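Participant: Okay, handing you the structure first.
The values are calculated or read from the model by the stated rules, or taken from the named source; none is laboratory data. Not measured: the values here are computed from a predicted model. Cβ coordinates were reconstructed from backbone atoms using ideal geometry, including for glycine residues, and neighbour counts include every protein chain displayed. Side chains are part of the model used for accessible areas, which takes the heavy atoms of the whole protein and leaves out ligands, DNA and RNA. Shrake-Rupley method; radii C 1.70, N 1.55, O 1.52, S 1.80 Å.
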Amino acid sequence: MLTAEEARGLLDSIDSSTLIGLRDRALLGLMVYGFARISAALAMRVEDYYTQGKRSFFRLHEKGGKYLVIPAHHRAQAWTDAYIARADALAMIKRRAGRAGLPAKICAHSFRGTGITEYLRAGGTLETAARIAGHESTRTTQLYNRLEDEVSLDEIERIHI
């Protein structure tokens with residue numbers, strides 16, 4: 001068993017900036033705040049998490065085909081909401097990109113990078129792009145800039161052999 005401090009430390013240590021981190025935090029939150037068996041948590045479908053009024057509930061698929069409905073602890077509710085929102089957005093991006101014939105590696109950051117790169121291509125400044133993107137440093141914004149990845153024919157023609 002974990003102490004409360006150990007459990008809190010584990011939950012707080014999860015990087016919630018990634019989809020996997022959001023998933024892991026939501027799953028562990030369900031297990032610690034809802035006493036859920038891992039098998040019951042993994043058997044859940046999207047419709048097994050639902051809201052009535054201001055309160056959300058988990059429907060757990062228990063042994064013997066039984067269901068157990070429990071109210072969601074406020075932290076488990078927030079973590080599950082955050083995960084579902086991000087996972088649904090990623091699924092939508094993948095679905096739309098696939099239908100458009102774009103590569104499977106397209107993700108939410110692809111759009112941020114596209115916007116920054118095209119803004120700079122149109123003559124925008126790196127400093128303004130950083131402000132628009134909410135970056136404290138232009139070095140972070142530069143990570144999204146793909147203009148330098150392009151090699152023009154003029155550059156290739158500089159090779160005089």
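Participant: Quick check: with the 1.4 Å probe, what order do F111, F58 take by accessible area, largest first?
Facilitator: My answer, sorted largest first, is F111, F58.
Participant: Run the quick spin-label model on I93 and I161: label points 7 Å from Cα toward the beta carbon, then report their separation in nm to one decimal.
Facilitator: 4.0 nm
Participant: Where nothing but the Cβ of Lys and Arg (+1) and of Asp and Glu (-1) is charged, how large is the charge dipole of the chain around its Cα centre, in debye to the nearest 20?
Facilitator: Numbers: 23 positive and 19 negative charges, 198 e Å.
In debye, rounded to 20, the chain gives about 960.
Participant: Next question. Working from the alpha-carbon coordinates of segment 1-60, get Rg over Rh, Rh being the Kirkwood radius. Numbers along the way, then the final one.
Facilitator: On the way: Rg = 12.5 Å, Rh = 12.6 Å.
On the Cα set of segment 1-60, Rg over Rh gives 0.99.
Participant: Residue farthest toward the positive end of the dipole of segment 42-161, with Cβ of Lys/Arg at +1 and Asp/Glu at -1: which of G101, A129, A82?
Facilitator: Most positive-ward Cα: A82.
Participant: Under Stokes-Einstein, with the Kirkwood radius over Cα pairs standing in for Rh, what whole-number D in µm²/s applies to segment 78-130 at 10 °C and 1.306 mPa s?
Facilitator: In µm²/s, the coefficient rounds to 124.
Participant: Of all accessible surface on the chain at a 1.4 Å probe, what whole percent is carbon and sulfur? Walk me through the intermediate numbers first.
Facilitator: Values: 6590 of 11350 Å².
C and S atoms contribute 58 percent here.
Participant: Kindly sort H73, H61 by accessible area of their heavy atoms, largest first, with the probe set to 1.4 Å. Show your work: numbers first, answer last.
Facilitator: On the way: H73 60, H61 35 Å².
Largest accessible area first, the list is H73, H61.
Participant: Can you give me the accessible area per residue for the chain, using a 1.4 Å probe, in Å²?
Facilitator: That works out to 71 Å² per residue.
Participant: Sticking with this one: Taking the Cα centre of each part, how many Å lie between segment 101-161 and segment 20-39?
Facilitator: Cα centroid of segment 101-161 versus Cα centroid of segment 20-39: 38 Å apart.
Participant: Can you tell me which of 14-22, 121-129, 62-70 comes out highest on packing, and rank the rest after it, using the mean Cβ neighbours within 10 Å? Intermediate values should be presented prior to the final figure.
Facilitator: Details: 14-22: 14.3, 121-129: 12.0, 62-70: 10.0.
Highest mean packing first, the order is 14-22, 121-129, 62-70.
Participant: Can you tell me how segment 61-106 classifies by the Cα gyration tensor, rounded, prolate or oblate, using a/c under 1.5 as the rounded cut? If you can, show how the numbers build up before the last one.
Facilitator: Details: a/c = 5.18, a/b = 2.05, b/c = 2.53.
Oblate, since a/c reaches 1.5 and b/c is not below a/b.
Participant: Using the Kirkwood radius built from alpha carbon pairs, what does the Stokes-Einstein equation give as D for the chain at 25 °C and 0.890 mPa s, in µm² per second? Before the final figure, lay out each step's value.
Facilitator: Numbers: Rh = 19.4 Å.
Stokes-Einstein gives a translational diffusion coefficient of 126 µm²/s.
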